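Notes for the one structure printed next.
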Amino acid sequence: MSLVKVAPRSTAFSFKTDAIAADKSISHRCAMFSMLANGESVVENFLRAEDTMNSLRIVEKLGATVVDDGKTIRISSKGIQESEDILDCGNSGTGMRLFCGLLASAEGHFILTGDEYLKRRPMKRVTSPLRSIGAKLDGRNEGDLAPLSIRGASLKAFDYESKIASAQVKSAMILAALRADGTCTYKEPELSRDHTERMLKGMGADISVDGLTTTIKPMTALLSPLKIRVPADPSSAFFFAVAAAITPGSEVVLEGVTFNPTRIEAFKALERMGAEISYDLKEDVYEPIGNITIKQAPLKAIRVDDNISWLIDELPVLSIAMACAEGRSVIANAEELRVKESDRISTVVDNLKACGIEVEEFEDGYAVTGGTLTSAKVDSFGDHRIAMSFIIAGLRCGMEVSDIDCINTSFPNFFTLLSQITDVEL
Ligand code: S3P
């Protein structure tokens with residue numbers, strides 16, 4: 001199991017990059033939605049990380065032709081075909097949950113599996129609503145745990161009200177609705193990331209959004225292919241935002257990032273903490289895209305308990321900023337953290353304590369009292385965002401983080417960028 005030692009950085013840095021990893025959510029969707037198009041989808045800057053490459057391999061196994069010249073990925077489908085192989089989503093909850101929606105109505109029998117972590121994550125949140133509209137899905141623990149088996153079936157129109165603000169559940173249901181036998185509605189308690197709605201609408205699907213309710217009319221024909229350049233992932237960019245925010249006198253410019261409001265809430269939280277942040281909009285294709293500049297300034301504690309799904313993936317590294325801020329910060333209403341790639345409430349709490357920070361754990365979050373981060377040996381628990389968060393903490397005090405291969409699931413060039421601002425020993 002590989003580990004990294006990161007050196008502390010005491011002097012200011014100024015760092016500008018256009019090489020932040022491409023957006024993971026959008027890349028998964030590019031692979032999957034191409035299966036619904038009537039021609040070749042052309043995708044620039046597809047995320048070449050383990051999670052999204054697994055989705056691309058699955059799409060190929062489902063009969064799509066994928067031509068990759070190393071720069072542009074072209075995907076053409078002749079409709080979803082049964083695969084004689086098991087479909088391996090690796091570490092990706094997004095991959096597994098969205099494929100459930102896509103395959104629920106496809107002709108054939110499909111098996112979805114994943115790695116040891118994914119096989120422990122809850123799938124009932126998608127299998128249960130999909131079963132309620134006629135899908136034939138099953139798995140261990142009454143359909144909750146992978147491997148999952150799917151036998152394509154005809155799906156009934158639905159009006160579904162979800163108790164959780166989850167873009168994965170919403171997207172699975174929207175994909176199912178596209179082939180249901182009538183108009184469907186999906187209501188969520190809080191708006192979750194909306195890439196699915198934006199991209200499918202851009203492809204010509206009849207989808208309308210009114211507040212928290214999405215109305216989907218079934219497809220009457222195949223959709224137009226995607227022509228897209230995937231923007232940089234704000235969740236990956238945010239590691240470098242925090243790196244600048246905790247290093248006196250520093251500044252970063254992160255280029256080509258999506259400004260989708262459901263994705264940049266963590267930057268707004270860091271701004272509330274005192275960091276100076278500016279946004280320079282450059283284009284608007286499916287999503288608003290531009291450059292974000294973050295300048296260090298003294299940080300103060302905040303409370304985060306609203307629009308949690310808009311910054312759920314960034315909470316681990318935001319907690320590092322909280323550990324460097326003055327006062328006691330609180331994260332609440334964030335019980336979803338417990339079912340991510342690791343139980344991110346307990347993994348953040350344990351690791352912050354190992355770094356000498358005072359933390360109180362709650363069922364739905366934790367409180368972090370800003371103090372002095374001290375060098376420690378911590379584990380990633382197989383979770384890419386825990387690994388990168390504590391590596392960023394190492395900029396303050398030095399850190400050794402073990403089991404770091406998981407970083408390849410979302411941000412394969414993380415160390416190339418990091419080594420431009422500190423010494424990294426792999
Ligand atoms: C994602 C949705 C979120 C997020 C995940 C990616 C997506 O999960 O945490 O990293 O691409 O739809 P939930 O839907 O479980 O909130």
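Read-outs: derived from the displayed coordinates by stated rules, not from any lab. Values in this document were obtained by computation on a predicted structure and should not be read as measured data. Cβ: placed from backbone, ideal geometry, glycine included. Neighbour counts: every protein chain shown.
Tabulated data for the structure shown
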item: Sequence-separation-based contact order of the range 24-229, relative, with Cα cut under 8 Å and 6+ spacing, percent; result: 20 percent
item: Given charges at beta-carbon only (K, R positive; D, E negative), |dipole| of the chain in Debye; result: 480 debye
item: Pairwise Cα inverse-distance average, inverted: Kirkwood Rh of the chain (Å); result: 21.8 Å
item: Built amide H within the under 5 Å cut-off of LEU223, gap 5+; result: ALA37, ASN38
item: Cut-off under 5 Å, modelled amide H: who pairs with ARG229 long-range; result: GLU44
item: Relative frequency of Cα-Cα separations exceeding 13 Å in the range 198-254, percent; result: 72 percent
item: Ordering of 169-176, 210-217 by packing [mean C-beta count within 10 Å, highest first]; result: 169-176, 210-217
item: Violating pairs (Cα-Cα greater than 32 angstrom) within the set LYS136/LYS268; LYS24/LYS78; LYS61/LYS268; LYS78/LYS282; LYS71/LYS353; LYS227/LYS295; result: LYS136/LYS268; LYS61/LYS268; LYS78/LYS282; LYS71/LYS353; LYS227/LYS295
item: Cα Rg, Dmax, the range 78-227, angstrom units; result: 14.5, 42
item: Mean Cα-pair separation over length for the chain, i.e. relative contact order, pairs under 8 Å, 6 or more apart, %; result: 19 percent
item: Cα lying deepest toward the dipole's positive end in the range 145-194, options ALA157, THR183, PRO147, charges on Cβ; result: PRO147
item: Protection proxy ranking of 419-425, 289-295 - average other beta-carbon atoms within 10 Å, highest first; result: 289-295, 419-425
item: Theoretical ellipticity at 222 nm over the chain - DSSP helices of four or more residues, -39500 (n - 2.57) apiece, nearest 500; result: -8500 deg cm²/dmol
item: Rg ratio (alpha-carbon, reference 2.2 N^0.38 Å) - the range 269-426; result: 1.03
item: Whole-angstrom gap from the range 409-424 to the range 166-242, using each part's C-alpha centre; result: 31 Å
item: Whole-number percent relative contact order across the range 145-215, with pairs defined as alpha carbons under 8 Å at least 6 apart; result: 32 percent
item: For the range 258-299, projected area of the alpha-carbon convex hull averaged over all directions, nm²; result: 2.7 nm²
item: Kirkwood Rh, angstrom, the range 219-283 [1 / mean 1/r, Cα pairs]; result: 13.7 Å
item: Point-charge dipole on Cβ atoms (K/R +1, D/E -1) for the range 320-384, about Cα centre, debye to 20; result: 260 debye
item: Positive-end residue, the chain charge dipole about Cα centroid, Cβ charges, pick of ALA232, THR214, ALA49; result: THR214
